[in-house]
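Asker: Quick one: this structure, given as structure tokens, is what I'll be asking you about.
The values are calculated or read from the model by the stated rules, or taken from the named source; none is laboratory data. Small disclaimer: the values here were computed from a predicted structure and weren't measured. Here the Cβ positions follow ideal geometry from the backbone for every residue, glycine too, while neighbour counts run over all protein chains shown.
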């Protein structure tokens with residue numbers, strides 16, 4: 001029976017640089033970190049409540065759309081363009097760009113009664129369920 005081993009091309013480079021103090025660099029392909037919008041969804045009676053963490057986004061840069069039972073929240077964090085003369089950036093970890101999150105609820109939402117409030121980096125949506133339409137019998141001719 002043969003042993004199967006995984007080939008690591010950097011192993012040979014490690015041997016080549018063994019006498020040096022520097023190891024070969026390995027680059028991560030994920031150069032632009034993506035900010036993930038965290039949400040909480042609760043249901044009480046006939047209303048869904050959604051709380052979404054969107055820190056750093058201005059109220060005017062948030063869009064909410066409701067299509068049946070699908071909800072989409074999107075926003076944009078804009079980079080500050082103020083630069084001071086003689087200032088040097090030592091480290092920058094803050095995310096700038098567009099973020100979006102879509103999810104589906106079990107019931108359709110009444111789009112006309114949706115309420116959205118944004119405070120302290122948290123978007124709170126109140127999504128009332130659509131009233132159930134009464135089924136009616138249809139006569140077959």
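Asker: In region 77-87, what residues are within 17 Å of residue 121 (Cβ to Cβ) and either at pLDDT 90 or above or surrounded by fewer than 17 Cβ atoms within 10 Å (Cβ to Cβ) (or both)?
Answerer: Within region 77-87, 78, 80 meet the criteria.
Asker: Can I ask one more? Taking strands (runs of 3 or more DSSP E) that fall entirely within region 1-69, which contain at least 2 residues that are modelled with pLDDT under 60 and closer than 22 Å to residue 127 by Cα?
Answerer: Strands (runs of 3 or more DSSP E) meeting the threshold: none at all.
Asker: Within region 88-101, identify whether any single residue is surrounded by 14 or more Cβ atoms within 10 Å (Cβ to Cβ) and modelled with pLDDT of 80 or more, and answer yes or no.
Answerer: yes
Asker: Cβ-Cβ under 7 Å, sequence separation 6+ or interchain: first residue in region 103-124 and surrounded by 13 or more Cβ atoms within 10 Å (Cβ to Cβ), partner part of a helix (DSSP H, G or I) and at pLDDT 90 or above. Which pairs?
Answerer: If the second residue must be part of a helix (DSSP H, G or I) and at pLDDT 90 or above, the pairs left are 118/59.
Asker: So, in region 43-66, of the ones that are under 17 Å from residue 110 (Cβ atoms) and touching a residue at least 24 places away in the same chain (Cβ under 8 Å), which residue ends up surrounded by the fewest Cβ atoms within 10 Å (Cβ to Cβ)?
Answerer: 46
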